[in-house]
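Have a look at the structure below before the remarks.
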Amino acid sequence: MTQLLPLVDAIPKVRGLPGAPLCKPKCVMGDRAYDSDPHRMTLSARAIATEIARRNTPHGSGLGVYRWFVEQTLALMHQFKRLRVRDDRDDVVHEAFMTIACAIMCWRRLHSPTKYF
């Protein structure tokens, strides 16, 4: 939540269009972690609309029902202890174990498709 305004300030200007370059977004979307009335008021003063979910309110949008593929893959990779707790100093060894883990995950997925997804 503390990095919302610096993130908005760090947005680069959009070049290539005629006229003054656009340097601020029209709308900022965020999850419940960014719920803060001072941030809403600051963005509103900059003429930036906000679509930030409020805490302790029902979802209603259906978002968050299914996990994204990247999150799901990382969760599956954390089943392998050697990848969850990295003790290898050499990047090549760690990358080799990541490759083995990906191969095992693909084999499991092809072997029993209903088990993991």
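Rule-based calculations on the coordinates, nothing more; no lab input. The structure presented is a predicted model; accordingly, all values stated were derived computationally and were not measured. Every residue, glycine among them, receives a Cβ derived from its backbone with ideal geometry; neighbour counts consider all protein chains shown.
Round to the nearest 10 and give me the degree value, 0 to 90, for the angle of helix 91-111's Cα axis relative to the longest principal axis of the chain. Taking the Cα atoms of the chain, the angle to 91-111 is about 80 degrees.
Along the axis of the charge dipole computed for the chain (Cβ charges of +1 for Lys and Arg, -1 for Asp and Glu, origin at the Cα centre), the listed residues 96, 16, 56 are led at the positive end by 56. Structural size metrics of region 69-116, computed from C-alpha coordinates, are Rg and Dmax of 11.5, 36 Å. Taking one quarter of the surface of the convex hull spanned by the alpha-carbon atoms of the chain gives a direction-averaged projected area of 12.5 nm². Spin-label model, residue 71/residue 26: points 7 Å from Cα along the beta carbon direction are separated by 2.7 nm.
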